[in-house]
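Here the structure is laid out as structure tokens; the discussion comes afterwards.
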């Protein structure tokens, strides 16, 4: 999480479970899909840059908070409930607390004139490096521009049916590779992508698995994050390079 000591705000490490009225400035880097916890409770997970922290929105607060938060933008956040992390599932670094967004949360966007830049939290890999992590537990982060998409397909597993769609992405390396969006990723980010497929949107894809099911490909899994046409300088640079390459 990115935090700044200004206007009475606290740096993130200063925020702990004993505090109620506090304000800290943060930059959002990840927002997960909604998941079910303990059989009925709905949870959406957000992560912030710098001294990283996990924040959770639960049940009726998910829609309200999700509409206010956009990846890479900075926000001043007040009155989140702070709890000590009970286990490693919510721990993302040295900060030993997590936040719960309740109906008391106050979120104000910090307006910046300069173009947003991709936080160094993302270690974007080359497509060529996929060969190193294929079929192992390591995940990979890549950025690419969509060349085309194949029809969605239904695949049947023992656990039940799944939906997947293959997308062909490419970057400066000019080495096309298949990106497979599964289930909720195809339903949400896939829908956004297909709605703008004629404009060849840029995708930043985080925590992907590299597989060799018939061919080398990138595949989403439960902790993946897919950002469609993110408003950051790096994505704009890739789009400009693509337009220049096509016109040359």
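Matching residues to (1) modelled with pLDDT under 75; (2) outside any strand (DSSP E or B); (3) exposed (fewer than 14 other Cβ atoms within 10 Å of the Cβ); (4) within 13 Å of the chain's Cα centre (by Cα):
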| position | (1), (2), (3), (4) |
| --- | --- |
| 9 | no, yes, no, no |
| 16 | no, yes, no, no |
| 20 | no, yes, yes, no |
| 28 | no, no, no, yes |
| 39 | yes, yes, yes, no |
| 44 | yes, no, no, yes |
| 50 | yes, yes, no, no |
| 56 | no, no, no, no |
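When the criteria are applied in full, residue 75 fails the requirement of being surrounded by fewer than 18 Cβ atoms within 10 Å (Cβ to Cβ) and modelled with pLDDT of 85 or more. Within region 190-225, if we keep just the residues that are surrounded by fewer than 21 Cβ atoms within 10 Å (Cβ to Cβ) and under 15 Å from residue 31 (Cα atoms), the residue that is modelled with the lowest pLDDT turns out to be 223. A count restricted to region 94-109 and to residues that are within 21 Å of the chain's Cα centre (by Cα) and either modelled with pLDDT of 85 or more or on the phi > 0 side of the Ramachandran plot (or both) stands at 8. Taking the criterion of being out of contact with any helix residue (DSSP H, G or I) (no Cβ under 6 Å at 6 or more places or on another chain) and within 17 Å of residue 127 (Cα to Cα), the residues of region 225-238 that qualify are 234, 235, 238.
Taking strands (runs of 3 or more DSSP E) that fall entirely within region 164-234, which contain at least 2 residues that are closer than 13 Å to residue 143 by Cβ?
177-182, 202-211, 225-228
The values are calculated or read from the model by the stated rules, or taken from the named source; none is laboratory data. What you see is a predicted model; the values in this text were computed from it and never measured. Cβ sites come from the backbone with ideal geometry, for glycine too, and all protein chains shown count toward neighbours.
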